[in-house]
Structures are given as C-alpha cells and as structure tokens.
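As structure tokens, the structure follows; a few thoughts come after it.
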Amino acid sequence: MGRVTSYGVEKDRKIYGNCQVLSPGGILMFRCDEKKAKWYLNRNLGEILSESPLIVKLKFEPRGLGNHNKSFGLSEMGNRCVTCGNEEYLTRHHVVPYCYRRYFPIELKSHNFHDVLSLCADCHDSYERKADELKNKIGEEYQIPLNGELCTDSKDLITYVKISIALLNPDTNIPKDKINLMKKKIKNYFGIKRLDSRRLEKISKIKTMVIKKTHGEVVMSKIDNIQSFIEMWRSHFLEHNECKHLPKDWSVKTNIRITHE
C-alpha cells in the first residue's frame with residue numbers, strides 16, 4: 001500500500017479511454033481518452049456517432065490521418081499492467097524518462113503515445129530502480145551528474161531542500177492537505193513520480209550550488225540519433241520486465257518521426 005500511496009493512484013484507475021476519433025470520411029484516425037474526445041465536441045469540431053463506445057467524427061478536414069495505416073496506435077488498448085497483467089492501481093509509465101523527454105523536439109513530445117505504457121504501482125516502482133541505474137551510467141558517459149538536473153534555479157532548490165527537511169521531521173504539525181501539496185510540488189520540480197522517505201532523505205542532503213545546465217539537457221545536446229536513444233530505453237524496459245501484456249504491434253524499432261499524409 002505504501003507504493004500505491006506514493007504514486008497517488010486509485011484502485012480502479014483506467015489508463016486508456018479507447019474512444020475513437022474518425023475523419024470526416026469515416027476513417028479511424030486514433031484512439032484517445034474521453035477528455036480529449038470531448039475537446040472536439042465542446043468546440044463543435046466533431047459529432048457523436050456512438051455513446052458507448054464513444055466515437056467522434058470530425059467536422060473538419062485534418063492536416064493528416066493520424067495513426068491511420070500505422071501498425072501501432074489504432075487497436076484497442078488493454079487497461080492492465082504490461083508486465084504482470086494486474087488491472088488495479090495502474091500508472092502511466094513513460095519509457096523514456098522525463099528528464100530527457102523534456103528536451104525532445106516539440107513534435108516528438110506531442111506524439112509519444114507509443115512510449116506511454118500502463119504499469120501497476122508495484123511493477124512501476126520495481127522498474128524505476130533499474131531505470132535509475134541506467135541514468136547513472138548515462139551520467140558517467142556524458143560526465144554530468146544526475147543531480148545536475150536539480151540545480152537550474154538555486155533559489156528554488158534551496159526552498160525544496162528546506163521543505164524536504166520539514167517533511168522528514170517526525171514532530172511536524174503541518175496539515176495533511178498542505179503536506180500533499182508540498183509533496184506534489186517537489187515531485188513536479190524534480191521530475192519524479194514517486195516520493196517516499198528515501199527520496200526525501202536524498203533531497204534534504206543536496207548541497208546547494210549553481211549548475212547552469214541540467215543532466216537531461218546536457219545529455220540530449222550530445223545525442224545525435226534520438227531514435228537510437230529511444231530504442232535503447234525501450235530495450236532496457238523489455239530486458240528488466242517480463243512484459244507479457246504489451247499492446248499489439250508495440251515494437252522497439254517503431255519510428256518516432258511523424259509524417260503527415
């Protein structure tokens with residue numbers, strides 16, 4: 001339950017909405033969650049063809065046909081952990097960590113559905129430890145420490161170090177709702193998904209200093225082939241998980257580049 005609490009997920013959470021969005025000609029372009037499908041409806045950009053499952057047909061000609069004719073992206077996605085098959089306490093896992101993705105070209109950040117997979121909180125926690133090991137190796141290769149990503153703003157860093165120290169105080173009388181807000185801010189600042197006492201301890205001991213560039217920024221500035229970098233992370237994910245329930249046609253070699261039809 002500790003892992004579930006630190007990820008902040010509900011037992012019956014669904015990762016994939018599996019709503020269908022069609023072109024004006026009736027071609028299935030992509031699947032999405034209900035919120036995105038209703039975005040078109042609320043702006044009168046689409047009309048409902050079916051309530052259950054929710055199918056929306058666009059009223060305008062899109063620039064391209066989305067995932068049409070692609071091997072991955074149109075099939076119905078299962079709301080279960082891709083590793084163990086558990087259907088409870090599901091989380092979104094980005095195969096390439098946020099500290100690198102944040103420095104991808106915008107067109108790649110906007111079309112990363114292939115590398116967002118569902119993991120239960122337990123499997124997610126187990127794999128993140130392995131992912132941290134790979135980050136450390138990358139840091140050694142490019143001679144940039146992982147904590148370099150923490151120091152883009154020394155004033156903010158000092159603030160969050162102090163907050164971490166306060167949260168670790170067993171005698172703290174901070175209201176629970178404020179504690180949750182403080183933890184959320186820490187997770188957003190450091191780009192982490194799970195915040196437990198072990199991570200708080202590490203943050204509380206950070207020595208404040210000014211590093212002009214983050215770990216991820218330095219690494220991505222030296223990566224010539226983003227496709228290979230992403231494939232490395234995909235392969236690493238497969239190597240450290242049994243992955244019995246991957247989406248149909250999910251592949252290490254899927255091209256990340258988006259072409260408009």
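The values are calculated or read from the model by the stated rules, or taken from the named source; none is laboratory data. The shown structure was predicted, so the numbers you read here are calculated from the model rather than taken from an experiment. A quick note on method: Cβ atoms are made from the backbone with ideal geometry, for glycine too, and the neighbour counts reach across all protein chains shown.
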- Task: Working only within the stretch 29-56, note down all residues that are at pLDDT 90 or above and buried (at least 16 other Cβ atoms within 10 Å of the Cβ).
- Result: Ala37, Lys38, Tyr40, Gly46, Leu54, Ile55, Val56
- Message: Condition first: on the phi < 0 side of the Ramachandran plot, touching a residue at least 24 places away in the same chain (Cβ under 8 Å) and assigned to a loop (DSSP other than H, G, I, E, B). Can you find one or more residues in the stretch 29-51 that meet it?
- Response: no
